[in-house]
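The block underneath contains the structure these notes are about, expressed in structure tokens.
The values are calculated or read from the model by the stated rules, or taken from the named source; none is laboratory data. Note that the structure is predicted; figures quoted are calculated from it, not measured. So basically every Cβ, Gly included, is an ideal-geometry build from the backbone, and we count neighbours across all protein chains shown.
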Amino acid sequence: MAPTIRLSPATRSLFYEPLAIAVQGLGPRQQVTLRTSLRDEKGELFQACARYQAGDDGELDLARCPALPGGSFSGLEPMGPLWALQPQKPFWYMVKRDVQRPFLLQLELEVFEGHGDPPGRLLAQAQHERAFLRDGVRRVPVREGRLRATLFLPPGNGPFPGIIDLYGTGGGLPEYRACLLANYGFAVLALAFYGYEDLPKEMKEFHLEYFEEALNYMLQHTQVKGPGIGLLGISKGGDLCVSMASFLKGITATILINGSVANVGAVLRYKDITIPPLGFNAKRAKVSKSGIADVVDVLNNPLEGPDRQSFIPLEKAECRFLFIVGQDDHNWKSEFFAVEGSKRLQAHGKEKPEIVCYPGAGHYIEPPFFPMCAASMHLLVGQPVVWGGEPKAHCEAQIDAWQQIQAFFRKHLTGKPSGTSNRL
């Protein structure tokens, strides 16, 4: 019997769902190499490979067979072929641009005979699609007033708990996290704030009135359940969420993923209020021989001197906060920001925020099974920077953080506790 690859689900699954991988028809204790490949929408190739030995029955089930040393990962890692994917092009980051199509991620699985390099003869091959939109989820482009956004609505009549989702200094309109959350019954607005269509091309200053427009759009939408909205922001999107929660009404829950409690990178204005950006000293960056910068020490301390003006007055917020922290974040000191935000809230008699820390996780904590990006171009720095993280720990953090995000929003936007949360 020729070897065959068995996948479950067989041909298509949602991106955050586990994929069971097994190979049948191998020889007893046959040594093989398993390689996964996918091309993103820019045509860039991501690959991972692992070495295995089949069982006495000629079966190789990744849920039971550990990967041997020498590949992209080792040990018992059923999802290793996905989370260990790495770009062949240096400093490339996996992003989903068109959520209406499965990733050109026709996940190709190839099994090669032996552990040689180059590998031996091709024994079996399979393809699999990783989709982003569950059937029935509606994607609605939003171009009302100044807003440049996309609203994702779950199937049914609603109303649904509402969330505004912000990414960071990369700009544009990333939709993939918003649509994945909508699969769980949330109405999610992916909001662009610069570097998209007719929005500002550069990150020089932001006016909170634009974000207030997005908040009012959600609060007034017939498919969005009130009385309050949730905010979710990563990196620069995190401190924008803190600013929204501090100055705007109608926000019930705010989640920062490796965010700052100081205003970073651009002046923030709202009515007659101006918050300057946190100062920095580029000389504190450490550059490796390969030209990759470590910028974790570049920002000034927002507790000292004139930089105190950049600390966002989050004690004015009337919402609950969750800080998700990668303890190996090398973009900036996320754990320090979370702790100082907590101190300030409590000093003003506010509820202590939830802080969930992940050892070994880097800056870009994405939805489950996105491969960790160790280093890529930073638009503000103008060169590649290291983001931090250890691939296995980072993957585990993404799985847990995804549960934490859903549970927090479900609790504070619907009043229903969720039992799906697992803490590391």
Please enumerate the residues belonging to segment 273-323 that are of a type in the set (A, V, I, L, M) and touching a strand residue (DSSP E or B) at 6+ places or on another chain (Cβ under 6 Å). Ile275, Leu278, Ala285, Val287, Ile292, Ala293, Val295, Val298, Leu299, Leu322
Test Pro81 against the stated conditions and say whether it is under 27 Å from Glu41 (Cβ atoms) and in a loop (DSSP other than H, G, I, E, B). no
Residue satisfying all of: in segment 382-424; among the small types (Gly, Ala, Ser) and at pLDDT 95 or above; nearest to Cys319 (Cα to Cα) among these: Ala407
Qualifying position, being polar (S, T, N, Q) and without any contact (Cβ under 8 Å) to a residue 60 or more places away in the chain, among Gln100, Gln125: Gln100
Filtered residue count, segment 102-131, keeping only those that are more than 21 Å from Ile21 (Cβ to Cβ) and either at pLDDT 90 or above or acidic (Asp, Glu) (or both): 1
Residue, farthest from Ala374 (Cα to Cα), within segment 1-37, restricted to residues that are at pLDDT below 95 and touching a helix residue (DSSP H, G or I) at 6+ places or on another chain (Cβ under 9 Å): Leu34
Checking the structure you have, find out if any residue of segment 211-223 is at pLDDT below 95 and closer than 30 Å to Lys416 by Cβ. no
Residue within segment 45-58 that is surrounded by fewer than 16 Cβ atoms within 10 Å (Cβ to Cβ), assigned to a loop (DSSP other than H, G, I, E, B) and of a type in the set (A, V, I, L, M) present: no
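Listed here are the residues, each with its yes/no results for (1) outside any loop (DSSP other than H, G, I, E, B); (2) β-branched (Val, Ile, Thr).
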residue: Thr274; (1), (2): yes, yes
residue: Pro277; (1), (2): no, no
residue: Lys283; (1), (2): yes, no
residue: Ser290; (1), (2): no, no
residue: Arg308; (1), (2): yes, no
residue: Glu318; (1), (2): no, no
residue: Asp329; (1), (2): no, no
residue: Trp332; (1), (2): no, no
residue: Phe337; (1), (2): yes, no
Candidate set from segment 246-304 (those that are without any contact (Cβ under 8 Å) to a residue 40 or more places away in the chain and of a type in the set (Asp, Glu)); member that is surrounded by the most Cβ atoms within 10 Å (Cβ to Cβ): Asp297
Every residue from segment 29-44 that is closer than 28 Å to Arg101 by Cβ and either under 25 Å from the mean Cα position of the chain (by Cα) or surrounded by fewer than 19 Cβ atoms within 10 Å (Cβ to Cβ) (or both): Arg35, Thr36, Ser37, Leu38, Arg39, Asp40, Glu41, Lys42, Gly43, Glu44
For Gly170, indicate whether it is in the same structural domain as Gly226 (by TED's automatic domain parsing), outside any helix (DSSP H, G or I) and either of a type in the set (Ser, Thr, Tyr) or at pLDDT below 95 (or both). yes
Please determine whether any residue of segment 187-199 is outside any loop (DSSP other than H, G, I, E, B) and not hydrophobic (A, V, I, L, M, F, W, C). no
